[in-house]
Amino acid sequence: MRTLDQKTIEMLSERLENAELQRHEVLKITDEFPDMTFTDATDIQWETRRRKEARGNKIIGMKMGLTSWAKMRQMEVEKPCYGFLADYFSVPEGGQIPISELIHPKVEAEFAFVTNKPLSGDSVTVEEVLDATELVVPAVEIIDSRYKDFKFDLISVMADNSSSTRFVIGGRAARPEEFDWSTRGVVMSKNGEVVELGAGAAVLDHPAASVAMLASMLSERDEIIPAGTFIMTGGITAAVLVEAGDSIVVRYQDMGDVSMKFV
Ligand code: OOG
Ligand code: MG
């Protein structure tokens, strides 16, 4: 159900995108619009996507968020959300990320899937996702909620493009049949100390289930996941706050490392 008019959708999209581009916090939008719905929030996100494309940014992938209990517990939200990835979100492996470009970034260890067939509808299975997957790629997401103190609800975070801000891919990509993705381990270290660890099953029992859920959520807007889409499936562990000077290395079982330094 929609409760906001087009002018309000555009105003909130602009407010949230300005917060991203000018690196400042804003108040949770549901404080001002307590009756707004998840559909309104999705409209705001798609308006932000339209704004970026109109400015010449390319959309290079999608992400799912809040797909693990660790994340849902950390953020006190009980349902997943999705977002888009713009070209300038991508940081090279081993790269430096200036904290001055962000508000209060956190890092998350994820598996990303690259599809080779379209996926659509609300009944896609894990097997169908694996059959439509070209590669699984180690990926670390840097999230940066535009909301004050990184606190939000599902509707507010959906409108804020699910906190998307940067990502780093690295290590070695694998074919989908190469490993059991539910038991694949990841170990995140900050400045040489292990801070979080987990396995793929943390994400909806299997990270491919997150891709299926994205197809289902997109189908509510008559959108699909086209062949050739890069999809981050969501943090396996809780997200880790980073500051200038922090080095992050995520080791992926048999798939190498993804690393970055915050400066
Ligand atoms: C929302 C985005 C969460 C993930 O992987 O769970 C997310 C947030 O926690 O800010 O990207
Ligand atoms: Mg994430």
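At-a-glance table
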{"item": "Ellipticity estimate at 222 nm from DSSP helix runs (n ≥ 4, -39,500 (n - 2.57)) divided over the chain, nearest 500", "result": "-8000 deg cm²/dmol"}
{"item": "Per residue accessible area in Å² of region 112-157, where ligands, DNA and RNA are left out and the probe is 1.4 Å", "result": "38"}
{"item": "Exposed-loop-free span, longest in the chain, where GluC sites (Glu not before Pro) count as exposed if DSSP calls them loop and at most 11 other C-beta atoms lie within 10 Å", "result": "79-176"}
{"item": "Cα convex hull volume per residue for region 1-102 (Å³)", "result": "137"}
{"item": "Trypsin sites (Lys or Arg not before Pro) within region 179-235, DSSP loop, no more than 11 other Cβ atoms inside 10 Å", "result": "Arg221"}
{"item": "Formal net charge of residues neighbouring His206 (Cβ-Cβ distance under 11 Å; K, R +1; D, E -1)", "result": "-2"}
{"item": "Trypsin sites (Lys or Arg not before Pro) within region 26-55: DSSP coil, no more than 14 neighbouring Cβ in 10 Å", "result": "Arg55"}
{"item": "Local electrostatic count at Val107 - Lys and Arg +1, Asp and Glu -1, tallied over other residues with Cβ under 11 Å", "result": "-3"}
{"item": "All Cα pairs of region 102-219, percent lying beyond 17 Å", "result": "63"}
{"item": "Average Cα contact separation per residue, the chain, under 8 Å, 6 or more apart, as relative contact order %", "result": "27"}
{"item": "Cα gyration tensor category, rounded, prolate or oblate, for region 161-214 with a/c compared to 1.5", "result": "oblate"}
{"item": "Overall form of region 64-122 per C-alpha gyration tensor (a/c, 1.5; a/b vs b/c)", "result": "oblate"}
{"item": "Relative contact order (%) - criterion: Cα under 8 Å, at least six apart; region: region 1-64", "result": "44"}
{"item": "Mean separation of Cα contacts under 8 Å (6+ apart) over length of region 173-216, as relative contact order %", "result": "30"}
{"item": "Prolate/oblate/rounded call for the chain, Cα gyration tensor, a/c under 1.5 rounded", "result": "oblate"}
{"item": "Of Lys28/Lys117; Lys52/Lys148; Lys148/Lys261; Lys7/Lys261; Lys117/Lys261; Lys7/Lys71, pairs whose Cα-Cα distance is over 31 Å", "result": "Lys28/Lys117; Lys7/Lys261; Lys117/Lys261; Lys7/Lys71"}
{"item": "Accessible-area composition of region 1-129, carbon plus sulfur, in percent [1.4 Å probe]", "result": "49"}
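The values are calculated or read from the model by the stated rules, or taken from the named source; none is laboratory data. Predicted, not measured: the structure shown is a model, and the values here were computed from it. We place every Cβ from the backbone using ideal geometry, glycine too, and count neighbours over all the protein chains shown. These accessible areas exclude ligands, DNA and RNA; they are computed on the full protein's heavy atoms, side chains included. Shrake-Rupley method; radii C 1.70, N 1.55, O 1.52, S 1.80 Å.
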